[in-house]
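A quick write-up on the structure given underneath.
The values are calculated or read from the model by the stated rules, or taken from the named source; none is laboratory data. Nothing here was measured: the structure is a model prediction, and the numbers come from that model. With ideal geometry, Cβ positions are generated from the backbone for all residues, glycine too; neighbour counts draw on all protein chains shown. Just so you know, the surface numbers come from the protein's heavy atoms only, side chains and all, with ligands and any DNA or RNA stripped out. Shrake-Rupley method; radii C 1.70, N 1.55, O 1.52, S 1.80 Å.
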Amino acid sequence: MVAAFMALIMTKRLSPLVALITVPIVFAIGAGVAMPALGAMMLEGIKTLAPTGVMLMFAILYFGIMIDAGMFDPAVRRILRAVGGDPLKVILGTTALAAFVSLDGDGSTTYMITVAAMLPLYRRLGLDALNLTCMTMLAGGVMNLTPWGGPLARAASALHVDPAAVFVPMIPAMVVGMSGLFGLAYVLGKRERRRLGTLELRVAPESQDSALLPPEENAAALGRPRLLWFNVGLTSALMACLVLGVLPLPVLFMVGFSIAVVFNYPCVKLQRERISEHARNALPVVAVIFAAGVFTGILTGTGMAEAMSDSFLAIIPASWGPYLATITALASLPFTFFISNDAFYYGVLPVISQAGQAYGILPVEMARASLIGQPVHLLSPLVPSTYLLVGLAGVEFSDHQRFTLKWAVLICLLMMVTALVCAAFPFSAR
(Lines give C-alpha, C1' and ligand atoms only; values in the text may rest on other atoms or scores of the structure.)
Protein backbone atom coordinates (compact mmCIF):
# COMPACT_ATOMS: atom_id res chain seq x y z
CA MET A 1 0.00 0.00 0.00
CA VAL A 2 2.75 2.42 0.96
CA ALA A 3 4.76 1.60 -2.18
CA ALA A 4 1.73 2.13 -4.42
CA PHE A 5 0.92 5.40 -2.68
CA MET A 6 4.47 6.77 -3.06
CA ALA A 7 4.70 5.67 -6.69
CA LEU A 8 1.41 7.37 -7.58
CA ILE A 9 2.27 10.73 -6.04
CA MET A 10 5.93 10.83 -7.11
CA THR A 11 4.99 10.06 -10.72
CA LYS A 12 2.19 12.66 -10.42
CA ARG A 13 -0.50 10.20 -11.49
CA LEU A 14 -2.53 11.23 -8.45
CA SER A 15 -2.39 14.27 -6.23
CA PRO A 16 -1.46 13.62 -2.57
CA LEU A 17 -5.00 14.60 -1.55
CA VAL A 18 -6.65 11.98 -3.75
CA ALA A 19 -4.01 9.31 -3.14
CA LEU A 20 -4.24 9.64 0.65
CA ILE A 21 -7.96 8.86 0.47
CA THR A 22 -8.31 6.32 -2.32
CA VAL A 23 -5.18 4.14 -2.03
CA PRO A 24 -5.69 2.94 1.58
CA ILE A 25 -9.40 2.35 0.97
CA VAL A 26 -8.67 0.14 -2.06
CA PHE A 27 -6.04 -1.88 -0.18
CA ALA A 28 -8.19 -2.21 2.93
CA ILE A 29 -11.14 -3.50 0.89
CA GLY A 30 -8.77 -5.88 -0.89
CA ALA A 31 -7.61 -7.14 2.52
CA GLY A 32 -11.21 -7.98 3.42
CA VAL A 33 -11.95 -5.15 5.88
CA ALA A 34 -15.70 -4.67 6.30
CA MET A 35 -17.16 -1.27 5.43
CA PRO A 36 -18.46 -0.39 8.93
CA ALA A 37 -15.06 -1.14 10.46
CA LEU A 38 -13.31 0.72 7.65
CA GLY A 39 -15.44 3.79 8.23
CA ALA A 40 -14.69 3.75 11.95
CA MET A 41 -10.93 3.56 11.26
CA MET A 42 -11.05 6.51 8.88
CA LEU A 43 -13.12 8.60 11.26
CA GLU A 44 -10.74 7.85 14.12
CA GLY A 45 -7.78 8.96 12.00
CA ILE A 46 -9.58 12.16 10.98
CA LYS A 47 -10.40 12.92 14.63
CA THR A 48 -6.76 12.46 15.56
CA LEU A 49 -5.56 14.99 12.97
CA ALA A 50 -8.47 17.43 13.32
CA PRO A 51 -6.65 19.70 15.83
CA THR A 52 -3.68 19.90 13.46
CA GLY A 53 -5.96 20.89 10.59
CA VAL A 54 -7.61 23.61 12.66
CA MET A 55 -4.23 24.90 13.81
CA LEU A 56 -2.82 25.07 10.29
CA MET A 57 -5.90 26.84 8.92
CA PHE A 58 -5.85 29.62 11.50
CA ALA A 59 -2.05 29.83 11.46
CA ILE A 60 -2.10 30.45 7.70
CA LEU A 61 -4.79 33.08 8.14
CA TYR A 62 -2.88 34.71 11.02
CA PHE A 63 0.43 34.98 9.22
CA GLY A 64 -1.36 36.04 6.05
CA ILE A 65 -2.79 39.01 7.97
CA MET A 66 0.67 39.79 9.36
CA ILE A 67 2.13 39.77 5.85
CA ASP A 68 -0.66 42.01 4.57
CA ALA A 69 -0.10 44.44 7.43
CA GLY A 70 3.64 44.55 6.67
CA MET A 71 5.00 43.12 9.92
CA PHE A 72 7.82 41.28 8.17
CA ASP A 73 8.77 44.14 5.84
CA PRO A 74 11.42 45.78 8.08
CA ALA A 75 13.14 42.41 8.61
CA VAL A 76 13.07 41.70 4.88
CA ARG A 77 14.57 45.11 4.12
CA ARG A 78 17.39 44.49 6.60
CA ILE A 79 18.05 41.05 5.14
CA LEU A 80 18.07 42.55 1.67
CA ARG A 81 20.63 45.10 2.74
CA ALA A 82 22.75 42.37 4.37
CA VAL A 83 22.68 39.88 1.49
CA GLY A 84 22.40 42.33 -1.37
CA GLY A 85 21.67 40.40 -4.51
CA ASP A 86 23.93 37.45 -3.66
CA PRO A 87 22.08 34.09 -3.91
CA LEU A 88 24.75 32.44 -1.75
CA LYS A 89 24.09 34.79 1.18
CA VAL A 90 20.33 34.41 0.77
CA ILE A 91 20.46 30.61 1.09
CA LEU A 92 22.88 30.81 4.04
CA GLY A 93 20.54 33.34 5.66
CA THR A 94 17.60 31.00 5.08
CA THR A 95 19.40 28.20 6.92
CA ALA A 96 20.34 30.43 9.86
CA LEU A 97 16.83 31.84 10.20
CA ALA A 98 15.18 28.41 10.03
CA ALA A 99 17.59 26.98 12.60
CA PHE A 100 16.90 29.85 15.00
CA VAL A 101 13.12 29.71 14.66
CA SER A 102 13.17 25.90 14.98
CA LEU A 103 14.23 26.24 18.59
CA ASP A 104 10.55 26.48 19.56
CA GLY A 105 10.17 22.83 18.50
CA ASP A 106 7.20 23.46 16.19
CA GLY A 107 7.73 22.77 12.50
CA SER A 108 4.64 24.63 11.29
CA THR A 109 5.72 27.86 12.99
CA THR A 110 9.23 27.50 11.57
CA TYR A 111 7.90 27.05 8.05
CA MET A 112 5.46 29.94 8.22
CA ILE A 113 7.93 32.46 9.63
CA THR A 114 10.88 31.43 7.45
CA VAL A 115 8.92 31.28 4.20
CA ALA A 116 7.10 34.54 4.96
CA ALA A 117 10.42 36.31 5.56
CA MET A 118 12.52 34.74 2.78
CA LEU A 119 10.19 33.92 -0.12
CA PRO A 120 10.04 37.56 -1.35
CA LEU A 121 13.85 37.51 -1.67
CA TYR A 122 13.78 34.30 -3.67
CA ARG A 123 11.15 35.71 -6.01
CA ARG A 124 12.95 39.00 -6.52
CA LEU A 125 16.25 37.26 -7.22
CA GLY A 126 14.78 34.45 -9.32
CA LEU A 127 16.09 31.75 -6.98
CA ASP A 128 14.65 28.24 -7.14
CA ALA A 129 12.18 27.98 -4.23
CA LEU A 130 13.17 24.32 -3.77
CA ASN A 131 16.35 25.62 -2.13
CA LEU A 132 14.13 27.43 0.38
CA THR A 133 11.97 24.40 1.20
CA CYS A 134 14.99 22.08 1.36
CA MET A 135 17.08 24.15 3.76
CA THR A 136 14.13 25.17 5.92
CA MET A 137 12.93 21.59 6.35
CA LEU A 138 16.38 20.12 7.02
CA ALA A 139 17.19 22.81 9.59
CA GLY A 140 13.93 21.97 11.34
CA GLY A 141 14.73 18.26 11.20
CA VAL A 142 18.07 18.72 12.97
CA MET A 143 16.99 21.34 15.52
CA ASN A 144 13.82 19.45 16.44
CA LEU A 145 15.90 17.00 18.50
CA THR A 146 15.52 19.21 21.57
CA PRO A 147 13.88 17.83 24.75
CA TRP A 148 10.72 19.82 24.03
CA GLY A 149 10.60 18.63 20.42
CA GLY A 150 8.15 15.92 19.46
CA PRO A 151 10.53 13.09 18.40
CA LEU A 152 12.75 13.13 21.49
CA ALA A 153 9.76 13.48 23.80
CA ARG A 154 8.16 10.44 22.17
CA ALA A 155 11.34 8.35 22.34
CA ALA A 156 11.96 9.24 25.99
CA SER A 157 8.38 8.56 27.06
CA ALA A 158 8.17 5.30 25.09
CA LEU A 159 11.30 3.91 26.77
CA HIS A 160 10.76 5.64 30.15
CA VAL A 161 14.10 7.45 30.15
CA ASP A 162 15.08 11.00 31.10
CA PRO A 163 14.77 13.37 28.09
CA ALA A 164 17.86 15.28 29.21
CA ALA A 165 19.84 12.04 29.29
CA VAL A 166 18.82 11.42 25.70
CA PHE A 167 19.47 14.97 24.54
CA VAL A 168 22.86 15.99 25.97
CA PRO A 169 24.97 13.27 24.26
CA MET A 170 23.21 14.10 20.98
CA ILE A 171 24.37 17.74 21.01
CA PRO A 172 27.62 17.01 19.09
CA ALA A 173 25.61 15.22 16.39
CA MET A 174 23.26 18.21 16.14
CA VAL A 175 26.19 20.63 15.93
CA VAL A 176 27.86 18.60 13.18
CA GLY A 177 24.51 18.18 11.43
CA MET A 178 23.97 21.95 11.39
CA SER A 179 27.55 22.46 10.19
CA GLY A 180 26.79 20.06 7.37
CA LEU A 181 23.65 22.04 6.56
CA PHE A 182 25.59 25.28 6.27
CA GLY A 183 28.05 23.45 4.02
CA LEU A 184 25.12 22.29 1.89
CA ALA A 185 23.73 25.84 1.84
CA TYR A 186 27.10 27.02 0.57
CA VAL A 187 27.07 24.43 -2.22
CA LEU A 188 23.51 25.24 -3.27
CA GLY A 189 24.21 28.96 -3.02
CA LYS A 190 27.29 28.71 -5.21
CA ARG A 191 25.24 26.78 -7.77
CA GLU A 192 22.55 29.47 -7.81
CA ARG A 193 25.18 32.21 -7.97
CA ARG A 194 26.67 30.60 -11.07
CA ARG A 195 23.21 30.37 -12.63
CA LEU A 196 22.01 33.88 -11.78
CA GLY A 197 25.05 35.91 -10.88
CA THR A 198 24.94 38.64 -8.23
CA LEU A 199 22.09 41.05 -8.81
CA GLU A 200 21.64 44.69 -7.85
CA LEU A 201 18.54 45.18 -5.74
CA ARG A 202 16.93 48.47 -4.80
CA VAL A 203 15.61 48.28 -1.26
CA ALA A 204 12.62 50.51 -0.70
CA PRO A 205 12.84 52.95 2.22
CA GLU A 206 10.68 52.32 5.25
CA SER A 207 8.10 54.85 4.10
CA GLN A 208 7.60 53.34 0.67
CA ASP A 209 5.52 50.41 -0.51
CA SER A 210 5.76 47.05 1.16
CA ALA A 211 8.53 44.75 -0.02
CA LEU A 212 6.33 41.72 0.50
CA LEU A 213 3.28 42.79 -1.53
CA PRO A 214 2.89 43.07 -5.30
CA PRO A 215 2.40 46.60 -6.67
CA GLU A 216 -1.38 46.29 -6.95
CA GLU A 217 -1.66 45.38 -3.26
CA ASN A 218 0.86 47.77 -1.77
CA ALA A 219 1.26 49.22 1.69
CA ALA A 220 -0.99 52.17 0.86
CA ALA A 221 -3.94 49.77 0.59
CA LEU A 222 -3.19 47.06 3.13
CA GLY A 223 -0.05 47.96 5.06
CA ARG A 224 -0.42 49.03 8.68
CA PRO A 225 2.95 50.61 9.57
CA ARG A 226 1.47 52.35 12.63
CA LEU A 227 0.54 48.95 14.04
CA LEU A 228 3.98 47.42 13.45
CA TRP A 229 4.93 47.14 17.12
CA PHE A 230 1.47 45.98 18.09
CA ASN A 231 1.73 43.16 15.54
CA VAL A 232 5.27 42.30 16.65
CA GLY A 233 4.13 42.22 20.27
CA LEU A 234 1.10 40.10 19.45
CA THR A 235 3.21 37.61 17.49
CA SER A 236 5.85 37.49 20.23
CA ALA A 237 3.15 36.86 22.84
CA LEU A 238 1.69 34.13 20.65
CA MET A 239 5.06 32.41 20.32
CA ALA A 240 5.70 32.71 24.06
CA CYS A 241 2.32 31.15 24.83
CA LEU A 242 3.11 28.42 22.34
CA VAL A 243 6.41 27.55 24.04
CA LEU A 244 4.90 27.76 27.54
CA GLY A 245 1.87 25.70 26.55
CA VAL A 246 -0.60 28.25 27.93
CA LEU A 247 -3.34 26.98 25.60
CA PRO A 248 -3.56 24.27 22.94
CA LEU A 249 -1.94 25.36 19.68
CA PRO A 250 -5.18 25.43 17.62
CA VAL A 251 -6.84 27.65 20.23
CA LEU A 252 -3.84 30.00 20.37
CA PHE A 253 -3.95 30.63 16.64
CA MET A 254 -7.73 31.04 16.61
CA VAL A 255 -7.49 33.71 19.32
CA GLY A 256 -4.43 35.33 17.73
CA PHE A 257 -6.09 35.52 14.33
CA SER A 258 -9.23 37.07 15.79
CA ILE A 259 -7.24 39.80 17.55
CA ALA A 260 -5.01 40.45 14.52
CA VAL A 261 -7.78 40.79 11.96
CA VAL A 262 -9.94 43.06 14.16
CA PHE A 263 -7.13 45.46 15.07
CA ASN A 264 -5.53 45.61 11.60
CA TYR A 265 -8.74 45.61 9.54
CA PRO A 266 -11.70 46.83 11.61
CA CYS A 267 -13.90 47.03 8.50
CA VAL A 268 -15.90 43.78 8.25
CA LYS A 269 -15.92 43.96 4.44
CA LEU A 270 -12.11 44.17 4.36
CA GLN A 271 -11.89 41.30 6.85
CA ARG A 272 -13.94 39.12 4.51
CA GLU A 273 -11.71 40.06 1.57
CA ARG A 274 -8.52 39.18 3.47
CA ILE A 275 -9.93 35.88 4.73
CA SER A 276 -11.11 34.96 1.23
CA GLU A 277 -7.71 35.82 -0.20
CA HIS A 278 -5.77 33.66 2.25
CA ALA A 279 -8.33 30.85 2.21
CA ARG A 280 -6.85 29.88 -1.16
CA ASN A 281 -3.64 28.93 0.68
CA ALA A 282 -5.36 27.38 3.68
CA LEU A 283 -7.92 25.14 1.99
CA PRO A 284 -5.55 22.80 0.09
CA VAL A 285 -3.37 22.31 3.18
CA VAL A 286 -6.28 21.58 5.53
CA ALA A 287 -7.89 19.23 2.99
CA VAL A 288 -4.67 17.19 2.79
CA ILE A 289 -4.50 17.01 6.59
CA PHE A 290 -7.94 15.37 6.81
CA ALA A 291 -7.06 13.09 3.91
CA ALA A 292 -3.92 12.02 5.80
CA GLY A 293 -6.25 11.11 8.66
CA VAL A 294 -7.89 8.53 6.39
CA PHE A 295 -4.49 7.04 5.52
CA THR A 296 -3.15 6.87 9.07
CA GLY A 297 -6.47 5.62 10.43
CA ILE A 298 -6.48 2.66 8.06
CA LEU A 299 -2.75 2.02 8.48
CA THR A 300 -3.15 1.79 12.25
CA GLY A 301 -6.65 0.32 12.50
CA THR A 302 -6.01 -2.61 10.17
CA GLY A 303 -2.81 -3.55 12.01
CA MET A 304 -0.59 -2.77 9.02
CA ALA A 305 1.78 -0.57 11.06
CA GLU A 306 2.17 -3.26 13.74
CA ALA A 307 2.72 -5.95 11.12
CA MET A 308 5.43 -3.86 9.45
CA SER A 309 7.34 -3.59 12.73
CA ASP A 310 6.93 -7.32 13.45
CA SER A 311 8.17 -8.20 9.97
CA PHE A 312 11.17 -5.92 10.42
CA LEU A 313 12.17 -7.69 13.63
CA ALA A 314 11.61 -11.12 12.10
CA ILE A 315 14.16 -10.58 9.32
CA ILE A 316 16.99 -9.50 11.67
CA PRO A 317 19.34 -12.49 12.20
CA ALA A 318 20.34 -13.28 15.78
CA SER A 319 23.98 -12.57 14.91
CA TRP A 320 23.04 -8.94 14.23
CA GLY A 321 21.81 -8.45 17.79
CA PRO A 322 24.90 -6.58 19.06
CA TYR A 323 24.42 -4.06 16.24
CA LEU A 324 20.78 -3.26 17.05
CA ALA A 325 21.52 0.37 17.97
CA THR A 326 23.17 1.04 14.61
CA ILE A 327 20.43 -0.93 12.83
CA THR A 328 17.82 1.16 14.63
CA ALA A 329 19.54 4.38 13.54
CA LEU A 330 19.58 3.26 9.90
CA ALA A 331 16.05 1.83 10.08
CA SER A 332 14.71 5.10 11.47
CA LEU A 333 15.16 6.67 8.01
CA PRO A 334 12.68 4.46 6.11
CA PHE A 335 10.50 3.62 9.11
CA THR A 336 9.73 7.19 10.11
CA PHE A 337 9.17 7.96 6.43
CA PHE A 338 6.60 5.24 5.83
CA ILE A 339 4.84 5.27 9.19
CA SER A 340 4.09 8.07 11.64
CA ASN A 341 6.39 9.06 14.48
CA ASP A 342 3.80 7.78 16.94
CA ALA A 343 3.73 4.36 15.28
CA PHE A 344 7.53 4.14 15.21
CA TYR A 345 8.33 5.41 18.69
CA TYR A 346 5.44 3.80 20.53
CA GLY A 347 5.10 0.65 18.41
CA VAL A 348 8.47 -0.31 16.93
CA LEU A 349 11.07 1.24 19.26
CA PRO A 350 10.00 -0.44 22.54
CA VAL A 351 10.13 -3.89 20.89
CA ILE A 352 13.60 -3.28 19.42
CA SER A 353 14.85 -1.77 22.68
CA GLN A 354 13.68 -4.81 24.62
CA ALA A 355 15.67 -7.04 22.26
CA GLY A 356 18.69 -4.74 22.53
CA GLN A 357 18.81 -5.02 26.31
CA ALA A 358 19.64 -8.71 25.93
CA TYR A 359 22.90 -7.61 24.29
CA GLY A 360 23.69 -4.90 26.84
CA ILE A 361 22.36 -1.94 24.82
CA LEU A 362 20.74 0.56 27.18
CA PRO A 363 17.26 1.97 26.44
CA VAL A 364 18.65 5.52 26.51
CA GLU A 365 21.13 4.55 23.78
CA MET A 366 18.35 3.09 21.67
CA ALA A 367 16.36 6.30 22.15
CA ARG A 368 19.28 8.36 20.79
CA ALA A 369 19.75 6.03 17.83
CA SER A 370 16.06 6.26 16.93
CA LEU A 371 16.31 10.05 16.43
CA ILE A 372 18.80 9.91 13.56
CA GLY A 373 16.18 9.63 10.80
CA GLN A 374 14.23 12.80 11.61
CA PRO A 375 15.48 14.91 8.64
CA VAL A 376 14.17 12.15 6.31
CA HIS A 377 10.97 11.76 8.35
CA LEU A 378 9.91 15.31 7.51
CA LEU A 379 9.78 14.37 3.83
CA SER A 380 7.08 11.80 4.54
CA PRO A 381 3.65 12.43 2.99
CA LEU A 382 2.26 11.61 6.45
CA VAL A 383 3.75 14.79 7.98
CA PRO A 384 1.11 17.53 7.85
CA SER A 385 3.48 20.48 8.25
CA THR A 386 5.39 19.54 5.08
CA TYR A 387 2.28 20.28 3.01
CA LEU A 388 2.18 23.68 4.68
CA LEU A 389 5.81 24.30 3.71
CA VAL A 390 5.41 23.44 0.03
CA GLY A 391 2.05 25.21 -0.13
CA LEU A 392 3.46 28.47 1.23
CA ALA A 393 6.50 28.27 -1.05
CA GLY A 394 4.42 27.36 -4.10
CA VAL A 395 6.33 24.21 -5.08
CA GLU A 396 5.12 20.68 -5.87
CA PHE A 397 5.37 18.16 -3.05
CA SER A 398 6.92 15.54 -5.33
CA ASP A 399 9.51 18.03 -6.63
CA HIS A 400 10.43 18.90 -3.05
CA GLN A 401 10.85 15.20 -2.21
CA ARG A 402 13.10 14.49 -5.19
CA PHE A 403 15.22 17.59 -4.58
CA THR A 404 15.64 17.13 -0.82
CA LEU A 405 15.77 13.36 -0.21
CA LYS A 406 19.43 12.81 -1.11
CA TRP A 407 20.55 15.72 1.06
CA ALA A 408 18.35 14.56 3.96
CA VAL A 409 19.90 11.07 3.84
CA LEU A 410 23.40 12.61 3.75
CA ILE A 411 22.69 14.76 6.83
CA CYS A 412 21.26 11.74 8.68
CA LEU A 413 24.38 9.68 7.93
CA LEU A 414 26.62 12.56 9.02
CA MET A 415 24.75 12.78 12.33
CA MET A 416 24.91 9.01 12.79
CA VAL A 417 28.67 8.87 12.28
CA THR A 418 29.15 11.74 14.73
CA ALA A 419 26.90 10.07 17.31
CA LEU A 420 28.90 6.83 16.98
CA VAL A 421 32.23 8.63 17.33
CA CYS A 422 30.97 10.50 20.40
CA ALA A 423 29.57 7.25 21.88
CA ALA A 424 25.97 8.49 21.99
CA PHE A 425 25.11 4.88 21.13
CA PRO A 426 27.39 1.91 20.36
CA PHE A 427 28.17 0.58 16.91
CA SER A 428 28.35 -2.87 18.48
CA ALA A 429 27.26 -3.90 21.98
CA ARG A 430 30.02 -4.26 24.51
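Each label was represented as a point 7 Å from its Cα along the Cα-to-Cβ direction; for ARG226 and ALA287 these points are 4.0 nm apart.
Extension gain for GLU396-ILE315 works out to 25.6 nm (0.36 nm per residue, less the C-alpha to C-alpha distance). Using Cβ point charges alone (K and R +1, D and E -1), the dipole size of the stretch 340-430 about the Cα centre works out to roughly 240 debye. Accessible area per residue (1.4 Å probe, heavy atoms of protein chains only) ranks TRP229, TRP320 as TRP229, TRP320, with the largest value leading. This model, with +1 at the C-beta of Lys and Arg and -1 at the C-beta of Asp and Glu, gives the chain a dipole about its Cα centre of some 820 debye.
Bridging of LYS269 to lysines at a Cα separation below 28 Å is possible for none of them, once same-chain residues fewer than 8 apart are set aside.
Result for the chain in a Gaussian network model with C-alpha springs under 10 Å: among LEU371, LEU382, LEU97, the largest mean-square fluctuation is at LEU97. Full extension from PHE427 to LEU244: what is 0.36 nm times the residue separation minus their Cα-Cα distance, to one decimal in nm? Contour length minus the Cα-Cα distance gives 62.1 nm. Seen against the Cα atoms of the chain and their longest principal axis, helix 304-314 is set at about 50 degrees. Backbone phi angles across the stretch 274-281, fed through the Karplus curve with coefficients 6.51, -1.76 and 1.60 (θ = phi - 60°), yield HN-Hα couplings of 5, 5, 5, 5, 7, 4, 5, 7 Hz in residue order; Gly and Pro are listed as x. Stretching PHE182 away from LEU410 to a fully extended chain increases their span by 80.8 nm, per 0.36 nm per residue minus the current alpha-carbon distance.
The residues of the stretch 277-430 have, on average, 37 Å² of accessible surface per residue, using a 1.4 Å probe with all protein chains present. Using all pairs of distinct alpha-carbon atoms, the Kirkwood hydrodynamic radius of the stretch 305-430 works out to 15.2 angstrom.
Take every Cα pair under 8 Å whose residues are at least 6 apart in sequence, average their separation, divide by the length of the stretch 1-102, and the relative contact order is 12 percent. Mean-square fluctuations from a GNM of the chain, with a 10 angstrom spring cutoff on Cα atoms, peak among LYS89, LYS269, LYS47 at LYS269. Sorted largest first by accessible area at a 1.4 angstrom probe radius, with every protein chain in place, the residues GLU396, GLU365 fall in the order GLU396, GLU365. By the rule of a C-alpha distance below 24 Å, with chain neighbours fewer than 8 residues away ignored, the lysines paired with LYS12 are LYS406.
Note on the chain: Kirkwood radius taken over Cα pairs, Stokes-Einstein applied at 25 °C and 0.890 mPa s, translational D equal to 108 µm² s⁻¹.
Our summary gives the chain a relative contact order of 28 percent, counting only alpha carbon pairs under 8 angstrom and 6 or more residues apart. A Stokes-Einstein calculation at 4 °C with viscosity 1.567 mPa s, built on the Kirkwood radius of the stretch 364-430 over Cα pairs, returns a diffusion coefficient of 97 µm²/s.
In this simple spin-label model, placing a label point 7 Å from the Cα along the Cα-to-Cβ direction at both LYS47 and SER15 gives a separation of 2.8 nm. Per-residue SASA remark: THR326, around 10 Å² accessible (1.4 Å probe; ligands, DNA and RNA not included). A simple spin-label model places the labels of ARG195 and HIS160 5.2 nm from each other, with each point 7 Å out along Cα-to-Cβ. Counting only Cβ charges, +1 for Lys and Arg and -1 for Asp and Glu, the dipole size of the stretch 40-165 around its Cα centre is about 340 debye.
Given a 10 angstrom Cα cut-off, can you work out which residue in LEU414, LEU313, LEU242 is the most mobile in a GNM of the chain? Maximum among the listed residues: LEU313. The apolar share of the surface of the chain, taken as the fraction of accessible area on carbon and sulfur atoms (1.4 Å probe, ligands and nucleic acids excluded), comes to 68 percent. Placing THR95, THR296, THR22 in order of accessible area, with the largest value first and a 1.4 Å probe, yields THR22, THR296, THR95.
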